[in-house]
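The values are calculated or read from the model by the stated rules, or taken from the named source; none is laboratory data. What you see is a predicted model; the values in this text were computed from it and never measured. Here the Cβ is made from the backbone with ideal geometry for all residues, glycine too, and neighbour counts use every protein chain on show.
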Amino acid sequence: MARGGYFFLLITIGLLASYVVDGLGVNWGQITTHILPPKVVVQMLKDNKISKVKLFEIDDATMQGLAGSNIEVMVAVPNYLLNSMTNPKTASQWVEKNVTKYLNQKPPVNIKYVAVGNEPFLAAYNGSFLNSTYPALKNVQTALNDAGHGDKVKATVPLNADIFMSPSNHYVPSAGYFRPDISTQMSDIAKFLDKNKAPFTINIYPFFNIYQNPGFPFDYAFFDGIKYPLMDDDIAYENSFDGAYDTLIMALEKVGVKNIPIIIGEVGWPTDGDKNANVELAEKFYRGLMKKIGNNMGTPLRPKQYIEVYLFGLLDEDAKDVSPGNFERHWGLFTQDGQPKFPIDLTGKGRNITLVGAKDVKMLPKKWCILRSDAKNETLIEETIKYACNYGDCTPLGMGCSCGNLDAAGNASFAYNVYYQTMGQKAGSCGFSGLAMETTKNPSSGNCTFAIRLAPPPTPSPPPASAPESGPPADGKAQSSKSSAYYYGPSLLLLLGLEVVASFFF
């Protein structure tokens, strides 16, 4: 009997040790050409014991996939709806359709938050949502209250870390304040959230510090310590995450808001699309982050505290707008088809373990499209590469990226294969004026993967989008990406001699 009790205790300890850190969630974006079935994704979340998810759009199939899972869900009001949400009636109708409906159905969706907009005060938006965000927030929360959900479901606004700053001559967290152009709105929003016992949501990306500032101390973006920490009086800041978090705390205190719960709406590290975006650095970043939140280390101004965090993101999204950078399509912990990309221990214990990938996923046949060995027309090759990359994701070809070391033939083959797979291996999609051929031999090499997509493929736009048999359309222009279901952005390739160097400017 004693032995049995001991055995049970060991099992119990083992099970508890396998759970992820408290408060851990993920962002689930779906801007992709081939979407994993929601039920498959939800099972993957459950297999990895991830209990919270943040969405960017409300899709009924996704919501039904989450129904009955007990996974906490943050649904979203997209930025393009913010202006309409300034009308209280519209906000009430939105809550009825997108919150009440799913809370009351059997089985229900466990909706916890409503994200009103997504980084609406981003400086790049030039004030587009300046006057609509706060009224929309008020109306959504009022609608939640009126519908009887206010005690359980809170409205919040996920904001980018560019909402706060410190003086250039005193660049420390204690000097933090909200950007002058949004200070009134931020004061109103912060006080409203605090009054309604709703969290303040901020997105923090140490990766952008390195990407946007070549002179930024590299180690400061990670959690392994730094030789010369940032000193703020007697407080030493050894990583940019803590610095950003505490700068926000000081900005909030300056508008009279103290002790409000803070959610990290997005934080992560991309694995491709830039010289500093790779699996090695992503693993390093997440290892430090998981240890930090798993041990409730908090920050210097809020030490030894639990931090609710949503990792960004769950899956790669090959159709995202790459205006911020080619890395935008490579934030996933998992590949587009749900396979883990690097070891990560979500318990924060630092173990070298691999996440559980998507199960029962059907892929397209093991076929690839490559450049023919006898293809010699360099001008036509260049034109067809441009065409292929306009519809497929060629961002791994960038210099310093996973496929950046391919030769000219390899660049062409990668581009052709991306197009071929994106179009679901449909007949005619591996033509390219006779320059290409199908093969059953995997052309992947080193870190460069010639991926096969999920099956069955969606109906692409323009359907069936066969590869050109005589180069691009007669007018020399690829079909406008605005007519496509997703925005791909134009892809430009620079030829240096005979070698196609994939440098993309979006």
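For region 370-386, which positions are assigned to a loop (DSSP other than H, G, I, E, B) and closer than 13 Å to N411 by Cβ? Matches in region 370-386: A375 only. Of all residues in region 111-134, those satisfying the criterion of being part of a loop (DSSP other than H, G, I, E, B) and over 22 Å from the mean Cα position of the chain (by Cα) are N126, G127, S128, L130, N131, S132.
Residues that are among the hydroxyl-bearing types (S, T, Y) and not in a strand (DSSP E or B) were ranked within region 156-178; the one that is farthest from V257 (Cα to Cα) is S168. The condition of being touching a strand residue (DSSP E or B) at 6+ places or on another chain (Cβ under 6 Å) and in a helix (DSSP H, G or I) holds for only one of L281, L248, L252, that being L248. Of the set (1) of a type outside the set (A, V, I, L, M); (2) part of a loop (DSSP other than H, G, I, E, B); (3) modelled with pLDDT of 95 or more; (4) touching a Gly at 6+ places or on another chain (Cβ under 8 Å), all apply to R287 but (2). Considering only residues that are among the aromatic types (F, W, Y) and in a strand (DSSP E or B), which ones fall in region 202-238? If the condition is that a residue be among the aromatic types (F, W, Y) and in a strand (DSSP E or B), then Y237 is the only one that fits. I'd like to know if region 321-343 contains one or more residues that are aromatic (F, W, Y) and closer than 24 Å to F200 by Cα. Among the residues of region 321-343, at least one is aromatic (F, W, Y) and closer than 24 Å to F200 by Cα, which makes the answer yes. Among the residues that make up region 256-276, is at least one of them surrounded by 18 or more Cβ atoms within 10 Å (Cβ to Cβ), of a type in the set (A, V, I, L, M), more than 23 Å from K54 (Cα to Cα) and touching a Lys or Arg at 6+ places or on another chain (Cβ under 8 Å)? Within region 256-276, one or more residues are surrounded by 18 or more Cβ atoms within 10 Å (Cβ to Cβ), of a type in the set (A, V, I, L, M), more than 23 Å from K54 (Cα to Cα) and touching a Lys or Arg at 6+ places or on another chain (Cβ under 8 Å).
Going by the structure shown, is F207 buried (at least 22 other Cβ atoms within 10 Å of the Cβ) and in the same structural domain as Q185 (by TED's automatic domain parsing)? Judged against the criteria, F207 is a match.
Scanning region 55-93 for residues that are closer than 18 Å to G150 by Cα, surrounded by fewer than 21 Cβ atoms within 10 Å (Cβ to Cβ) and not charged (D, E, K, R) yields A76, P88, T90, S92, Q93. Among the residues here, D181 does not qualify as part of a helix (DSSP H, G or I), among the acidic types (D, E) and either surrounded by 15 or more Cβ atoms within 10 Å (Cβ to Cβ) or without any contact (Cβ under 8 Å) to a residue 24 or more places away in the chain (or both).
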